[in-house]
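Undergrad: This structure is in structure tokens; I'll ask about it shortly.
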Amino acid sequence: MTELTDLTLADARDALRQKKISSAELTMAYLAAIEKARPLNAFLLETPDHAQAMARACDERIARGEAGLLEGIPLGIKDLFCTEGVRTTAASHILENFVPPYESTITANLWRDGAVMLGKLNLDEFAMGSSNETSYFGPVISPWRRAGSTAPLTPGGSSGGSAAAVAARLCLGATATDTGGSIRQPAAFTGTVGIKPTYGRCSRWGVVAFASSLDQAGPITRTVRDAAIMLRSMAGYDPKDSTSVNLPVPDYEEVLGQSVKGMRIGIPKEYRLDAMPEEIGRLWDQGIEWMRAAGAEPVEISLPHTRHALPAYYIVAPAEASSNLARYDGVRFGLRVPGKDIAGMYEETRAEGFGKEVRRRILIGTYVLSAGYYDAYYVRAQKIRTLIKQDFDQAFDQKIDAILTPATPSAAFGLGEKGAKDPIEMYLNDIFTVTVNMAGLPGIAVPAGVSSEGLPLGLQLIGRPFDEQTLFALAAVIESSAPPVSLPSAWWA
Amino acid sequence: MNTHVKPSKLIKGATGDWEVIIGLEVHAQVTSRSKLFSGASTLFGAEPNTNVSLVDAAMPGMLPVINAECVAQAVRTGLGLQAQINLRSVFDRKNYFYPDLPQGYQISQYKSPIVGEGTVIVDVSPTEQIEVGIERLHLEQDAGKSLHDQSATDSFVDLNRSGVALMEIVSKPDMRSADEARAYVSKLRTILRYLGTCDGNMEQGSLRADVNVSVRRPGEPFGTRCEIKNVNSIRFIGQAIETEARRQIAILEDGGSIDQETRLFDPGKGETRSMRSKEEAHDYRYFPDPDLLPLEFDQAYVDELASALPELPDAKKSRFMKDYGLPAYDAGVLVADKETADYYEAAVNYGGTKRDPKLVANWVTGDVAAYANSVGLAVAQTHLTPAQIATLVDLISEQTISGKIAKDVLAILISEEKEGDPRAIVEARGLKQVTDTGAIEAAVDAIISANPDKVAQAQAKPTMLGWFVGQVMKQTGGKANPQAVNELLKAKLGI
Amino acid sequence: MSVDAVTVRKIAHLARIKVNDADVPHLQQELNAILTFVEQLSAVDIEGVEPLTSVMPMPMAKREDVVTDGGIPDAIVANAPVSEDRFFVVPKVVE
């Protein structure tokens, strides 16, 4: 038998149900793997006692024939999801010692279905970043390396810990969140599958907020099937979140392997960037060919406001963040740094508690909302958002079933390589993903090939609102068409 | 809007007359069981941080969900103010830092409030009525409470009030005197209490006002205004306006100018002072709250709430005037408090028979109200029942007792026999009016024969009659029918 | 539009983030880089376009007016840097 940690989530689920393996042994295998992988810095907190207790309970339920959808499956949790009694930091100094007295809806859903928590995963501070380098606790190091190099690479961000842990087989799947690409970009960088569902599909209750109108949680997994299984558990209406949508959650697994024949796949011409590396263009063309080969029909479409999405995002997201992060004031929880008076206490606490990128975004957000600039920046950006949404509406009106694009403009880059001088350089990572958040649509990143340096590359599929099923069906086609990507050898262990 | 300047409203300055312009922002706590965006209780006076949910404490990842009843209460209030109800409104975040503001922003409605323009009719005095325009009404969250007096170095923060629903009711600058402002707030409070949308309890902070005051020479454009924050009694609202108007007039007459600023009224010192420390860099950075959706409902929802509204003070006043023939003043006094109005009607109609409405009104607004006032209660809160008052009035109307004896009976009901039946009291204590002419005549004759000198005086000066009436009443223990005494005396004295 | 050093300090104060004098120049530069980047939006024709107010248009669900929460003062103050008798304690606020 292969190593337990080589099983996919779907395989493990089946083996557990058939009692071929126990959750206890599976969990132990992961805990051992996590311990060996500490150099990757993927976990901010390992919760072995918690995990083993949960696993024992799972095995008892399996024995009683009461297995839930994810019974016994060990998962990693991005440290942006509040977990009751378990430290939750958002990778920020300001929340370094915060222990929530509550459980996020999404993690509660996972535990309801029998999942096991292995620990809390590293991320960019408050999910603000594309390389995991803004984490107060240091960057995550990708399990991937360029061919012939030992230079540490980024797993992407902000869900870098989630992507790295899944790729390095430190968990069967991980929760993640995506505000401008934070699920799909790290998934693409690590050869994993990441889906950002439609805005409103997953509850935001108990997830530390970055930008409320853009934030949406989803899973990162090794396969499309695993993502389908995990999203089904995470998703669902939550009356505690006013933006949550009251729609039934389908069994996403059912659509896998179904024919995509006759589906019309939009190929947006505006995504073909001049500065895009040639291999990204080739990957995209390859994806189009796979679609055609599966009987789908690629159709060129136009999304004319695409190029405005990223600048508009860098108004809307910081604006919301500046307000969402006002609650970190040293009064009720988190870090407090004394000052000469109450205002001094606020200013010292927030200067020391937030890292550089978070401070920068709060300042930009404060500026674009301030008197005299609100209309020129925020209102204008929200109008452009309407235009972006209309672009997609018009495409879908032309009977387009989904849209195929590259997931990222490049393969993973080295730690410290980008954004040191100019923050915009880092922001450009989200160029293909951010439009999807601006319009609230579902998007999935699927591994599709490797770069000239041997690093994973991904394609993105964008769907109609609440039509995650079509995305899973098409993603499965890419997954089965793409050459198998050989996982990195465990150089860290 | 008042277009004419009423000379009686003007304030005399050293260099001439000034007109004071007043607008009010009243913060009224919405009557609801739970908070605007959380399921925590709104009950007053709980232990610190007890009526607080994770949402009210703004824990990371917590989200607001709107309370349907608070929306309905705002709509009811808008209807009661004869105002425009907006079928679509938007919640915005008002961003600022303060220890009792956990989110770092207040959820409020800035550009699109739930209620638009309306009108309140205000009785300033028995003879003067004005109309005050309502600019808007919006829903917002209350803040928590900071206690500053517990320690020399620290403030203590309690979030029990954090997130309680408030209605901010903004008037137009339509008031021209402290009296008008006081009368407006009283009327507004009456309307809210009728509607059941705010208990109007100013001691507990359920109703507070920010008062905007400016002054100008009659006929000139509006002057620069100052906002006096958080005035929490009707009396203080009046005092604050007078104090602030005089302060502004003094500055202007001295050749100075008014700075637009926020001020605080200090009732102890009788002055307003600048809150300039809070003034610095106010930039609230309003934007629509992305955790919420626009608040939308249809006209059918509004119509349903409208059809279930209770009778409001203005309508009740008209009805009292029409049905009971009351003068406007009496009707106005009675309807100012809904329970008093109900009490009055219960007394008038007690036992299924209607009694003299004016006489009942006199008792309710007179002796009963005076007693209630002396013990610090509202009329309906006293132990005196409408049945007792109705019986008392019946006894007078039947001429069983005189009005004077009725006052004695009331005194007995107040102090000795709280649950007593006035009729039984009159019976048991022999207070029945003497209408037997023989008995009265005997008393009259006795007084006349004992006071020949006074008889002569009275014949010369008929106003002396009163002295004889008094003597007869004394002799009969006050029980003689005063009309019979009068008639007999007049006949016997030949005047 | 670009920000000067005074504006950087003003926004930092509005955001209650202490900024040292030495940090102002590079903060100013970074903020201006972002503002320059978003400047391209001013060329977009937005005539007659409504700003997006909700990503997924739907009616906002309302809660019943029932007390379902609270009564957890210890949990509320459990993470407080300083608390006393279930109050949060902060440096004295002068009104």
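Undergrad: Note down all Cβ pairs under 6 Å where the first residue falls in the stretch B:128-154 and is without any contact (Cβ under 8 Å) to a residue 24 or more places away in the chain, the second is acidic (Asp, Glu), and they're at least six residues apart or on different chains.
TA: So the pair list comes out as B:Gln129/B:Asp123.
Undergrad: Only residues that are at the interface with chain C (Cβ under 10 Å from one of its Cβ atoms) and assigned to a loop (DSSP other than H, G, I, E, B): list them for the stretch B:155-185, please.
TA: B:Leu159, B:Asn160
Undergrad: With (1) buried (at least 18 other Cβ atoms within 10 Å of the Cβ); (2) touching a helix residue (DSSP H, G or I) at 6+ places or on another chain (Cβ under 9 Å); (3) polar (S, T, N, Q) as the list, and B:Thr224 as the residue in question, which single condition is left unmet?
TA: Here B:Thr224 meets the rest and fails (1).
Undergrad: Considering only the stretch B:24-54, state which residues are part of a loop (DSSP other than H, G, I, E, B), within 22 Å of B:Ala74 (Cα to Cα) and either not assigned by TED's automatic domain parsing to the domain that holds B:Arg76 or not small (Gly, Ala, Ser) (or both).
TA: B:Val30, B:Thr31, B:Arg33, B:Lys35, B:Leu36, B:Phe37, B:Thr42, B:Leu43, B:Phe44 - these are the residues of the stretch B:24-54 that are part of a loop (DSSP other than H, G, I, E, B), within 22 Å of B:Ala74 (Cα to Cα) and either not assigned by TED's automatic domain parsing to the domain that holds B:Arg76 or not small (Gly, Ala, Ser) (or both).
Undergrad: Any idea how many residues of the stretch B:144-154 are outside any loop (DSSP other than H, G, I, E, B), over 25 Å from B:Pro64 (Cβ atoms) and facing chain C (nearest Cβ under 7 Å)?
TA: Qualifying residue count for the region: 1.
Undergrad: Out of C:Val77, C:Val90, C:Val94, which single residue is of a type in the set (Val, Ile, Thr) and surrounded by fewer than 13 Cβ atoms within 10 Å (Cβ to Cβ)?
TA: One residue alone meets the criteria, C:Val94.
Undergrad: Which numbered condition in (1) buried (at least 16 other Cβ atoms within 10 Å of the Cβ); (2) modelled with pLDDT of 95 or more; (3) in a strand (DSSP E or B) is the only one that B:Ile121 fails?
TA: Tallying (1) buried (at least 16 other Cβ atoms within 10 Å of the Cβ); (2) modelled with pLDDT of 95 or more; (3) in a strand (DSSP E or B), B:Ile121 fails exactly one: (1).
Undergrad: In the stretch A:344-382, what count of residues is obtained for those that are more than 7 Å from chain C (Cβ to nearest Cβ), touching a Lys or Arg at 6+ places or on another chain (Cβ under 7 Å) and more than 14 Å from C:Leu14 (Cβ to Cβ)?
TA: Result for the stretch A:344-382: 1.
Residues checked against (1) surrounded by 19 or more Cβ atoms within 10 Å (Cβ to Cβ); (2) away from chain C (no Cβ under 14 Å); (3) touching a Ser or Thr at 6+ places or on another chain (Cβ under 8 Å):
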position	(1), (2), (3)
A:Phe396	yes, yes, no
A:Thr405	yes, yes, no
A:Ala412	yes, yes, yes
A:Gly419	yes, no, yes
A:Pro447	yes, yes, yes
A:Leu457	yes, yes, yes
A:Arg464	yes, no, yes
A:Ser480	no, yes, no
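Undergrad: Turning to a different aspect of this structure: Only one of A:Asp341, A:Asp329 is among the charged types (D, E, K, R), buried (at least 24 other Cβ atoms within 10 Å of the Cβ), within 14 Å of chain B (Cβ to nearest Cβ) and more than 30 Å from A:Ser481 (Cβ to Cβ). Can you tell me which?
TA: A:Asp329
Undergrad: Looking only at the stretch A:164-195, count how many residues are part of a helix (DSSP H, G or I) and under 8 Å from the mean Cα position of the chain (by Cα).
TA: Within the stretch A:164-195, residues that are part of a helix (DSSP H, G or I) and under 8 Å from the mean Cα position of the chain (by Cα) number 4.
Undergrad: Among the residues of the stretch B:348-396, what is the count of those that are touching a Phe, Trp or Tyr at 6+ places or on another chain (Cβ under 8 Å) and not β-branched (Val, Ile, Thr)?
TA: 9
Undergrad: Same structure again: Any idea how many residues of the stretch B:82-105 are touching a Leu at 6+ places or on another chain (Cβ under 8 Å) and assigned to a strand (DSSP E or B)?
TA: Going through the stretch B:82-105 one residue at a time, the tally reaches 4.
Undergrad: Follow-up question, since we're still on this one. So, of the residues in the stretch B:342-388 that are β-branched (Val, Ile, Thr) and surrounded by fewer than 16 Cβ atoms within 10 Å (Cβ to Cβ), which turns out to be nearest to B:Leu413 (Cα to Cα)?
TA: B:Val375
Undergrad: Within 48 Å of the chain's Cα centre (by Cα) and either under 14 Å from B:Thr400 (Cα atoms) or not in a helix (DSSP H, G or I) (or both), is that true of B:Leu431?
TA: yes
Undergrad: What is the one condition in (1) at pLDDT 95 or above; (2) surrounded by fewer than 15 Cβ atoms within 10 Å (Cβ to Cβ); (3) within 14 Å of chain B (Cβ to nearest Cβ) that A:Arg292 does not satisfy?
TA: The single condition A:Arg292 does not satisfy is (3).
Undergrad: In the stretch A:31-62, which residue that is touching a Lys or Arg at 6+ places or on another chain (Cβ under 8 Å) and either free of Cβ contacts under 8 Å to residues at least 24 places away in the same chain or not polar (S, T, N, Q) (or both) is surrounded by the fewest Cβ atoms within 10 Å (Cβ to Cβ)?
TA: Looking at residues that are touching a Lys or Arg at 6+ places or on another chain (Cβ under 8 Å) and either free of Cβ contacts under 8 Å to residues at least 24 places away in the same chain or not polar (S, T, N, Q) (or both), I get A:Leu45.
Undergrad: For the stretch A:97-113, give me each residue that is within 11 Å of chain C (Cβ to nearest Cβ) and in contact with a Lys or Arg (Cβ under 9 Å, 6 or more places away or on another chain).
TA: A:Asn97, A:Phe98, A:Val99, A:Pro100
Undergrad: Here's something else I'd like to know. What number of residues within the stretch B:299-327 are of a type in the set (Ser, Thr, Tyr) and outside any helix (DSSP H, G or I)?
TA: 0
Undergrad: While we're on this one: Output the qualifying pairs, or none if there are none: Cβ atoms under 8 angstrom, residues six or more apart or on different chains, first residue in the stretch B:69-86 and farther than 15 Å from C:Asp65 by Cα, second residue hydroxyl-bearing (Ser, Thr, Tyr) and surrounded by fewer than 24 Cβ atoms within 10 Å (Cβ to Cβ).
TA: If the second residue must be hydroxyl-bearing (Ser, Thr, Tyr) and surrounded by fewer than 24 Cβ atoms within 10 Å (Cβ to Cβ), the pairs left are B:Val75/B:Tyr301; B:Gly80/B:Tyr194; B:Leu81/B:Thr119; B:Gln82/B:Thr119; B:Ala83/B:Thr119; B:Asn86/B:Ser112.
Undergrad: How many of the residues making up the stretch B:86-105 are more than 7 Å from every other protein chain (Cβ to nearest Cβ) and either buried (at least 23 other Cβ atoms within 10 Å of the Cβ) or within 28 Å of A:Ala371 (Cβ to Cβ) (or both)?
TA: Going through the stretch B:86-105 one residue at a time, the tally reaches 10.
Undergrad: Looking at A:Ser213, A:Ser182 in this structure, which one is within 25 Å of A:Tyr328 (Cβ to Cβ), within 14 Å of chain B (Cβ to nearest Cβ) and either crowded, with 24+ Cβ neighbours inside 10 Å or not aromatic (Phe, Trp, Tyr) (or both)?
TA: A:Ser213
Undergrad: Another question, then. Given the criteria surrounded by fewer than 24 Cβ atoms within 10 Å (Cβ to Cβ), hydroxyl-bearing (Ser, Thr, Tyr) and touching a Pro at 6+ places or on another chain (Cβ under 7 Å), does B:Ser108 qualify?
TA: Answer is no for this residue.
Undergrad: Still on this structure, please answer the following. Kindly indicate whether A:Ile94 is outside any loop (DSSP other than H, G, I, E, B) and surrounded by 24 or more Cβ atoms within 10 Å (Cβ to Cβ).
TA: Here the answer is yes, as A:Ile94 does meet what is asked.
Undergrad: The conditions are (1) in contact (Cβ under 8 Å) with a residue 12 or more places away in the chain; (2) not in a helix (DSSP H, G or I), and B:Ile412 fails exactly one of them. Which is it?
TA: Failed condition: (2).
Undergrad: Moving to a separate point now. Got a number for residues in the stretch B:18-74 being among the aliphatic types (A, V, I, L, M), under 30 Å from C:Asn79 (Cβ atoms) and facing chain C (nearest Cβ under 7 Å)?
TA: 5
The values are calculated or read from the model by the stated rules, or taken from the named source; none is laboratory data. Being a predicted model, the structure only gives us computed values, none of them experimental. We place every Cβ from the backbone using ideal geometry, glycine too, and count neighbours over all the protein chains shown.
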